[in-house]
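These notes are about the structure you will find just below.
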Amino acid sequence: MTDPCSLEKSPLLTVNDALERISAAIQAITDTETVSLKNALGRVLADTIYSPLDIPHDRNSAMDGYAFASSDAHEQPFTLELIGISWAGKPFQGRMQAGQCVRIFTGAVLPEQADSVIMQEHIQLDGQTVHFPADTKTHQNVRAVGEDVSQGSLLCEQSKKLTAVDLALLATAGVSEVRIYRALNIAIFSTGDELIALGQALTTGKIYDSNRYLLTASLSDACYQVTDLGVIADNKHALTDAFTAAAKNHDVIISTGGASVGDADYVKEVLTACGDVNFWKIAIKPGKPLTFGNIGECYFFGLPGNPVSAQVTFQKIVSPALKQLAGAATTRPLQLIATCSSSLKKSAGRQEFQRGIFTQHENGDFFVVSAGQQGANILSALSLANCYIVLPSECQGVEAGDKVLIEPFSTFL
């Protein structure tokens, strides 16, 4: 992919090509651990789990009402004798005969002879006599054995990232512990002599380091254990020491800054010296100067220093790679078609992820406007945005009223 704003001698990798290169290079971890169900939220299953029992395990009522046999409802209206109660957790112990019914509550086991439940609001009770109306329906409000899940059927597949609902489903089946892939060990650091920590006085030429806050929050996931290595100076020896030390006990290193072509941008040079560079630079905007490679068995991602570029490349490139490495099933981002209410500037050459604000009208149509200035340093627009406006490499601008693709941020779904 040729970028007219670059002096590259050969075409840059497209985003899809870069993702394919990374996917081919990465080997998912295989180490596992067994944890109790309550500690499994957000972790990735190492086994496919099948149900050891039927859910529900017994026929039960879907309503508070009266359980009866359909054979007693041939002529309507009709009356039946009330002979007992079936409570949730305390089933009716007797045996229903023809002409009899049982008071029953939601979730309570149906007597063996009953096959229908009528809502309590639809009957008239006179002592121990229950009057059923003329429009009484049979075979209603009964939950069948295995209606939700039958014994031996699939509960959760291997590589599924467990949600709260998954934990509830597994608990319903009596599963108390699961085997999961271990968490990834990830090291992060920023590079740059211009960076200072929060709390220090800001002097000319210095800026506060925001990227480690960005990455730490983005990596807030049960599958990741993150080590913050701080800020590394623009020094080859310091960077080499940081890389090689971190690679010994981490699965992934993610750095920001120093990945471009400036005189003090040493990331690619250092990585080439102590590891292997798979690729450097991709046809994406913002975020072209992205480095991917490895130091031994540790994978490395060198992200741009501009915070918006760092976020875009993390979401579009690094996040899918981490999911694959963690053993999780891959998913495609949700894309919607929206009418763009803003005109957007763009040159052909790189796929762009401009920051936008989308809304949905009452008729279901989506509309999007630019979130503001699109510079790689404009965090305020990214903070306001709730989606990316995805513009293909060949696009040369958008006029107001044009249709565009948008990718909603997951926090707004």
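The values are calculated or read from the model by the stated rules, or taken from the named source; none is laboratory data. Fair warning: this is a prediction, and the values are worked out from it, not measured in the lab. Using ideal geometry, Cβ is built from the backbone for each residue, glycine included, and neighbour counts are taken over all protein chains shown.
Would you check if Thr240 is in a helix (DSSP H, G or I) and modelled with pLDDT under 95? Answer is yes for this residue. A single entry from Ser86, Ser61, Ser116 fulfils the requirement of being under 30 Å from Gly152 (Cβ atoms), in contact with a helix residue (DSSP H, G or I) (Cβ under 7 Å, 6 or more places away or on another chain) and crowded, with 17+ Cβ neighbours inside 10 Å: Ser116. Taking Pro392, is it farther than 28 Å from Gly258 by Cβ, modelled with pLDDT of 95 or more, under 24 Å from the mean Cα position of the chain (by Cα) and not assigned by TED's automatic domain parsing to the domain that holds Ala283? No; evaluated as a whole, the condition is false for this residue.
Going by the structure shown, is Ala217 out of contact with any strand residue (DSSP E or B) (no Cβ under 8 Å at 6 or more places or on another chain) and in contact (Cβ under 8 Å) with a residue 12 or more places away in the chain?
no
The residue pairs whose first member lies in region 186-199 and is over 13 Å from Pro307 (Cβ atoms), whose second member is part of a strand (DSSP E or B) and charged (D, E, K, R), and whose beta carbons are closer than 9 Å, counting only pairs six or more residues apart or on different chains, are Ala187/Asp228; Ile188/Asp228; Phe189/Asp228. Scanning region 341-361 for residues that are over 28 Å from Tyr213 (Cβ atoms), touching a Phe, Trp or Tyr at 6+ places or on another chain (Cβ under 8 Å) and either assigned by TED's automatic domain parsing to the domain that holds Gln158 or hydrophobic (A, V, I, L, M, F, W, C) (or both) turns up nothing.
Return a yes/no flag: does region 158-172 have any residue that is outside the structural domain of Asp241 (by TED's automatic domain parsing), modelled with pLDDT of 95 or more, in contact with a Ser or Thr (Cβ under 8 Å, 6 or more places away or on another chain) and assigned to a loop (DSSP other than H, G, I, E, B). Explain how you work it out, then say what you get.
Step one: filter region 158-172 for residues outside the structural domain of Asp241 (by TED's automatic domain parsing), giving 158-172.
Subset that is modelled with pLDDT of 95 or more: 158-172.
Of the ones still in play, those that are also in contact with a Ser or Thr (Cβ under 8 Å, 6 or more places away or on another chain) are 158.
Now drop any that are not assigned to a loop (DSSP other than H, G, I, E, B), which leaves 158.
Yes, the conditions are met somewhere in region 158-172.
When residues in region 395-413 are screened for being within 26 Å of the chain's Cα centre (by Cα) and not hydrophobic (A, V, I, L, M, F, W, C), 4 of them pass.
Can you say whether Leu155 is farther than 17 Å from Glu81 by Cβ, outside the structural domain of Glu75 (by TED's automatic domain parsing), outside any helix (DSSP H, G or I) and of a type outside the set (Lys, Arg), as far as the supplied structure shows? Give the derivation first.
On the way: farther than 17 Å from Glu81 by Cβ: yes; outside the structural domain of Glu75 (by TED's automatic domain parsing): yes; outside any helix (DSSP H, G or I): yes; of a type outside the set (Lys, Arg): yes.
When the stated conditions are applied, Leu155 passes them.
In region 144-172, the qualifying residues are those that are farther than 19 Å from Leu53 by Cα and crowded, with 16+ Cβ neighbours inside 10 Å, and the one that is nearest to the chain's Cα centre (by Cα) is Lys161. State the number of residues belonging to region 363-373 that are among the polar types (S, T, N, Q) and touching a residue at least 24 places away in the same chain (Cβ under 8 Å). Of the residues in region 363-373, 1 are among the polar types (S, T, N, Q) and touching a residue at least 24 places away in the same chain (Cβ under 8 Å). Based on what the data block shows, is Thr2 modelled with pLDDT of 95 or more, more than 30 Å from His131 (Cα to Cα) and hydroxyl-bearing (Ser, Thr, Tyr)? Criteria not met by Thr2.
Residues that are in contact (Cβ under 8 Å) with a residue 40 or more places away in the chain, surrounded by fewer than 21 Cβ atoms within 10 Å (Cβ to Cβ), out of contact with any Lys or Arg (no Cβ under 8 Å at 6 or more places or on another chain) and under 30 Å from Ala183 (Cβ atoms) do occur in region 379-393, at least one of them. Within region 394-408, being in a loop (DSSP other than H, G, I, E, B), on the phi < 0 side of the Ramachandran plot and surrounded by fewer than 17 Cβ atoms within 10 Å (Cβ to Cβ) holds for Glu394, Gln396, Glu399, Ala400, Asp402. Of the residues making up region 207-237, those that are surrounded by 12 or more Cβ atoms within 10 Å (Cβ to Cβ) and in a helix (DSSP H, G or I) are Asn211, Arg212, Tyr213, Leu214, Leu215, Thr216, Ser218, Lys236.
Residues of region 173-206 that are surrounded by 16 or more Cβ atoms within 10 Å (Cβ to Cβ), modelled with pLDDT of 95 or more and assigned to a loop (DSSP other than H, G, I, E, B): Ala173, Val175, Arg182, Ala183. When you scan region 171-183, do you find a residue that is within 30 Å of Leu214 (Cβ to Cβ) and in contact with a helix residue (DSSP H, G or I) (Cβ under 8 Å, 6 or more places away or on another chain), even just one? Within region 171-183, not a single residue is within 30 Å of Leu214 (Cβ to Cβ) and in contact with a helix residue (DSSP H, G or I) (Cβ under 8 Å, 6 or more places away or on another chain).
For (1) surrounded by fewer than 16 Cβ atoms within 10 Å (Cβ to Cβ); (2) within 22 Å of Leu19 (Cβ to Cβ); (3) free of Cβ contacts under 8 Å to residues at least 12 places away in the same chain, each residue gets a yes or a no:
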site: Ile317; (1), (2), (3): no, yes, no
site: Ala326; (1), (2), (3): no, yes, no
site: Ile337; (1), (2), (3): yes, no, no
site: Cys340; (1), (2), (3): no, no, no
site: Ile357; (1), (2), (3): no, no, no
site: His361; (1), (2), (3): yes, no, yes
